[in-house]
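Inspection log for the structure reproduced underneath, given as structure tokens.
The values are calculated or read from the model by the stated rules, or taken from the named source; none is laboratory data. Keep in mind that this is a model prediction, so the values were computed, not measured. In this analysis, Cβ positions are derived from the backbone assuming ideal geometry, glycine residues included, and neighbour counts consider all displayed protein chains.
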Amino acid sequence: MKFIILSIYLSTLSAAFAFDCSPQSPINWNELSEGVSWTKYDLKYTPYNKEEHRWENLQSRSVTVRAFKIDLTKNKLLFQSTLNDLDCNPKTDRYIERIIGQAHEPVIGAINCNFFVMPSGGIEGIAFDENKIWSTNLSSQKISSSGIFYIKPDQIQMESKDQFINTFGSVMTTEDAKQFSFAVQAYPKLLNQGELQIGDGVLNSRRSRTSIGTNDNKNEIILVTIDARAETANTGMTLFEYAHMLKDQTCGVAQVTSLNLDGGGSSAFAIPSLKLYEQADRCRHLGNILTIQKR
């Protein structure tokens, strides 16, 4: 009998010390235009104790999630960038709004995108969409966990930087780039076909985060940010926590494949039609943003 009681106790303890999350309100996806919807909600979660290699047993932290779902049969993803450091008043402006203002076509929604060289804004890694090839230098993104999330007419997938270099070389040719309708390079890879791509040894700081991914719907892209409004000691997640959040359907934005984009103060989320512009560091110059536009 004592053995049975002990087994039940240990089983309960083990279940408690695992990632756990709970949205603080019903998750409603609101339609912006045909094939584009968005959501915003607060999420409580159990933080990870890296020193003790375990999850806490209480949902003692929270983040604000903002996300887009995009049907690629009706919409497209296009980069937007600027060579100029645009005027921005941190009391009233967001830099992402300034970049959107330079777009030639109406923007339905936008997030920040690649890592970039500060303060010049030069894009690290590859970036190209169906309108323009922005950057083809795979080796300019030095991090070993770097991945490429790409879209072809019949395929949405993520591969490692090394896989791409083995196929295309360190600098892709224009002809090679044309076989993709979209590709972005960043780090680290978070999920691939439902499997975690990182361990708890990754950077332990809690920051605002941004990612691009997909679920089981091969025509749908999901863009996610957490705490894009600002950063304080009480906001954000570690990359390890964030990957678990994206994997867990309970958390509301379940992805099966996901690539982490630039985060921290660069994290940004915008919906021009609602005059909604959020950026953790309001006037940080962004190397580029990712816009949603009608096809």
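The sole residue among Thr210, Thr214, Thr225 that is in contact with a Gly (Cβ under 7 Å, 6 or more places away or on another chain), at pLDDT 95 or above and surrounded by 15 or more Cβ atoms within 10 Å (Cβ to Cβ) is Thr210. Checked against (1) at pLDDT 95 or above; (2) β-branched (Val, Ile, Thr); (3) within 30 Å of Cys88 (Cα to Cα), Thr232 passes all but condition (1). When restricted to residues that are crowded, with 20+ Cβ neighbours inside 10 Å and charged (D, E, K, R), the range 99-151 contains 2.
Looking at the range 108-211, the strands (runs of 3 or more DSSP E) lying wholly inside it that each contain 1 or more residues that are polar (S, T, N, Q) sit at 109-112, 133-135, 155-160, 182-186, 189-192. For the residues Leu138, Leu78, Leu83, the requirement of being touching a helix residue (DSSP H, G or I) at 6+ places or on another chain (Cβ under 6 Å) and not charged (D, E, K, R) singles out Leu138. Of all residues in the range 63-90, those satisfying the criterion of being surrounded by 17 or more Cβ atoms within 10 Å (Cβ to Cβ) and hydroxyl-bearing (Ser, Thr, Tyr) are Thr64, Ser81, Thr82. The strands (runs of 3 or more DSSP E) found entirely in the range 217-294 that carry 2 or more residues being hydrophobic (A, V, I, L, M, F, W, C) and over 21 Å from Asp42 (Cα atoms) are 289-294.
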